[in-house]
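The values are calculated or read from the model by the stated rules, or taken from the named source; none is laboratory data. Since the model is a prediction, treat every value here as computed from it, not as a measurement. Every residue, glycine as well, gets a Cβ built from its backbone with ideal geometry; the counts of neighbours run over all protein chains shown. Please note that ligands, DNA and RNA were not included when accessible areas were found on the heavy atoms of the full protein model with its side chains. Shrake-Rupley method; radii C 1.70, N 1.55, O 1.52, S 1.80 Å.
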Amino acid sequence: MYRKQRGITLMGFILTATIAGFFALIGFKLFPAYSEYYGVVEGMKAVAAEPGSGKMDLTELQRALQKRFDVGYVDTVSAKAATLIKDQGPAKLNMNYEYRKPLLYNLDYVAKFDYTVTLDGSNPP
């Protein structure tokens, strides 16, 4: 007698689990890059919110930023990568960096991050 199959077969289940596992692996590999970027952004906002941050020179800003990075577990980027932009208006602090890590076998992924914050001492962290 012919019986109609319902649900998923064992091979279908294995294929679905493999694909879901692959995407989970990719997600677990990419999460640290964005978690670290969040730490960079929060550190920059905290430094920008300090009173008198607009009058600090680059080395003072980098020192304050590195303290935030040390507390916030930011490892792959250094505060020395920060640049001070003094155009018309208030000064700005810019961080532009690459995050490069191995993904699978001989494949790497590269994430580029660029964030700028205004140094006027009034930005909430």
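Here are a few things to note about the model shown:
- Per-region count, the range 35-60, residues of a type in the set (D, E, K, R) and under 20 Å from Tyr97 (Cβ atoms): 3
- The strands (runs of 3 or more DSSP E) found wholly in the range 38-125 include none carrying at least 2 residues that are open to solvent by 80 Å² or more (accessible area, probe 1.4 Å) and among the hydrophobic types (A, V, I, L, M, F, W, C).
- Here the condition is being over 18 Å from Tyr115 (Cβ atoms) and either buried (at least 18 other Cβ atoms within 10 Å of the Cβ) or under 18 Å from the mean Cα position of the chain (by Cα) (or both); of Phe31, Phe22, Phe13, it holds for Phe31 alone.
- Of all residues in the range 1-26, those being modelled with pLDDT under 90, part of a helix (DSSP H, G or I) and small (Gly, Ala, Ser) number 1.
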